[in-house]
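See below for the structure under consideration.
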């Protein structure tokens, strides 16, 4: 099993609202307890890193939480394209598709996200993927 953080989860642990930050850290703590890998797909960084001073909090969070940033290789890119096609989506969901593709190729994973609707849509043909909302409550 693996915990995969999407861009909103990365943003939350770096400088997000306190309740959301606690929710993500709770998922991270549970993953650590089960000795699972905590991962983010490199493409998610495009949504949170902008070359501003606030980026330092993102990098610090990645280090502090020991998040492995998974590069996008050909297998992930092709699987993401297939997922988009399977649900009739376009490139507007490409970054989410990279996340789901990485989770699917890993085998079993939990994706931490605010965007549960799109993630569940993309993961609808991937029974080993769970989608966990990081919205409090």
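Rule-based calculations on the coordinates, nothing more; no lab input. All values reported here derive from a predicted model rather than from experimental measurement. Cβ: placed from backbone, ideal geometry, glycine included. Neighbour counts: every protein chain shown.
Summary of values
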{"quantity": "Mean Cβ neighbour count within 10 Å, used as a protection proxy, ranking 4-12, 92-100 highest first", "calculated": "4-12, 92-100"}
{"quantity": "Cα shape, the stretch 67-137, gyration tensor, a/c 1.5 rule", "calculated": "oblate"}
{"quantity": "Extension reserve of the residue 86-residue 108 stretch, reckoned as 0.36 nm per residue once the Cα distance is removed", "calculated": "5.9 nm"}
{"quantity": "GNM result for the chain, Cα springs below 10 Å: residue of 90, 81, 16 fluctuating most strongly", "calculated": "90"}
{"quantity": "Nearest-ten-degree value, helix 55-64 long axis tilted from longest Cα axis of the chain", "calculated": "90"}
{"quantity": "Normalised contact order of the chain, rounded percent, pairs of Cα under 8 Å and 6 or more residues apart", "calculated": "31"}
{"quantity": "Full-stretch length increase - residue 54, residue 42 - with 0.36 nm per residue and alpha-carbon distance subtracted", "calculated": "2.5 nm"}
{"quantity": "Distance in nm between pseudo-label sites at residue 34 and residue 128 (7 Å out along the Cβ direction from Cα)", "calculated": "1.4"}
{"quantity": "Linear extension gain, residue 19 paired with residue 77, 0.36 nm per residue minus alpha-carbon span", "calculated": "17.6 nm"}
{"quantity": "In degrees, nearest ten, helix 74-86 long axis to first principal axis of the chain (Cα)", "calculated": "70"}
